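Below is one structure, written out as structure tokens; the observations come after it.
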């Protein structure tokens, strides 16, 4: 795989408690995504958060990795539905930290049984850069999968 760089731009106005920001992807795929402290720690109210974006990134990366593993096993997926939840919590002496990522996969895969799916998921998790990043950082990454 080639060297990859992607850039997002962030703007923030005001203090932490009452301020707000926007996120823009340099690719143009997303623009002016609003975020704020209340959307991060409470009711999102239609705004995003760094943790939600990390959940999307980890879920998207693992989904692509699994699609590749299933395809290599000659059982390409018909559909993968993936939910990823990032968990942030207070860690004694370290403040708020990302402590976990829970990924739940429902897969429609012709010709694959549960054992084949679980083996592909294990390989996909090992090959997913976001899974590896989170694990190296000490986060608990759990991935569960079932056939639809």
Q: State whether one or more residues within region 117-126 are closer than 12 Å to residue 62 by Cβ, under 13 Å from the mean Cα position of the chain (by Cα) and part of a helix (DSSP H, G or I).
A: yes
Q) Which residue, of 71, 22, is farther than 18 Å from residue 99 by Cα and either in a loop (DSSP other than H, G, I, E, B) or free of Cβ contacts under 8 Å to residues at least 12 places away in the same chain (or both)? A) 71
Q) Within region 99-109, can one find any residue that is surrounded by 13 or more Cβ atoms within 10 Å (Cβ to Cβ) and either at pLDDT below 95 or not in a strand (DSSP E or B) (or both)? A) no
Q) What is the residue count in region 55-74 for residues that are out of contact with any helix residue (DSSP H, G or I) (no Cβ under 8 Å at 6 or more places or on another chain) and either closer than 28 Å to residue 12 by Cα or at pLDDT below 95 (or both)? A) 4
Q) Among the residues of region 88-98, which ones are farther than 25 Å from residue 128 by Cα and either in contact with a helix residue (DSSP H, G or I) (Cβ under 7 Å, 6 or more places away or on another chain) or not in a strand (DSSP E or B) (or both)? A) 92, 93, 94
Q | Selection from region 37-68 of residues that are surrounded by 18 or more Cβ atoms within 10 Å (Cβ to Cβ) and within 16 Å of residue 132 (Cα to Cα) | A | 54, 55, 58, 59, 61, 62, 63, 65, 66
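The values are calculated or read from the model by the stated rules, or taken from the named source; none is laboratory data. Small disclaimer: the values here were computed from a predicted structure and weren't measured. We place every Cβ from the backbone using ideal geometry, glycine too, and count neighbours over all the protein chains shown.
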